[in-house]
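Visitor: Sharing a structure here in structure tokens format.
Just so you know, all these numbers are worked out from the coordinates, no wet-lab data involved. Every value quoted in this text rests on a predicted model; they were computed, and no experiment measured them. Note that we place each Cβ from the backbone using ideal geometry, even for glycine, and neighbour counts take in every protein chain shown.
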Amino acid sequence: MSKNKFYQEYAARFAAATNQSLVESFNKEVGVTGWTSMRASFVAALIDEFRNRGIDISAVNDSRSTDFNHHVRLDETGNRLILID
């Protein structure tokens, strides 16, 4: 995905956010089925920030797509996302 203006704005926001805030942003997307270029930028920036922090997102992302079917929590001891429902 190209790094458009919206991606850059979301990336800056997520870079300044806490880990818990990132998890909350992810969980707000659970069950949302609509897709727009704005949402694509939001999701790309969010996933990139999880990766930038070294957080294991393999429970929801397979490097090709992200699964928004389950809420997650951060297991800080393992620095990874865990499905909670």
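Visitor: Which whole-Hz couplings ³J(HN,Hα) result when phi for each residue of region 79-85 is put into the Karplus expression 6.51 cos²θ - 1.76 cosθ + 1.60, θ = phi - 60°, listed in order with x for Gly and Pro?
Guide: With coefficients 6.51, -1.76 and 1.60, one gets 6, 8, 7, 10, 5, 10, 8 Hz.
Visitor: Relative to the longest principal Cα axis of the chain, at what angle does helix 37-52 sit, 0 to 90 degrees, rounded to 10?
Guide: 50
Visitor: Hey, another quick one. How much net charge surrounds Leu22 when only the other residues with a Cβ under 12 Å from the Cβ of Leu22 are counted, with Lys and Arg +1 and Asp and Glu -1?
Guide: Charge balance in the 12 Å sphere: +1.
Visitor: Around Asp56, which amide H atoms from residues at least 5 apart in sequence, or from another chain, sit under 5 Å from its own amide H, with H modelled in the peptide plane?
Guide: Arg80, Leu81
Visitor: Still on this structure, please answer the following. Using only the alpha-carbon atoms, how far is helix 19-29 inclined from the longest principal axis of the chain? Give it as 0 to 90 degrees, nearest 10.
Guide: 70
Visitor: Express the relative contact order of the chain as a whole percentage, based on alpha carbon pairs under 8 Å and six or more residues apart in sequence.
Guide: So the answer I get is 31 percent.
Visitor: Assuming R0 = 22 Å, can you tell me the calculated FRET efficiency for the pair Asn61 and Glu24, based on Cβ-Cβ distance, to the nearest 0.05?
Guide: After rounding to 0.05, the efficiency reads 0.80.
Visitor: With N residues in the chain, what two-decimal value do you get for its Cα radius of gyration over 2.2 N^0.38 Å?
Guide: Rounded to two decimals, the normalised Rg is 1.01.
Visitor: If you don't mind, there's one more thing I want to ask. If each DSSP helix of 4+ residues adds -39,500 (n - 2.57) and the sum is divided by the residues in the chain, what number results at 222 nm, nearest 500 deg cm²/dmol?
Guide: Theoretical 222 nm ellipticity from helices: -14000 deg cm²/dmol.
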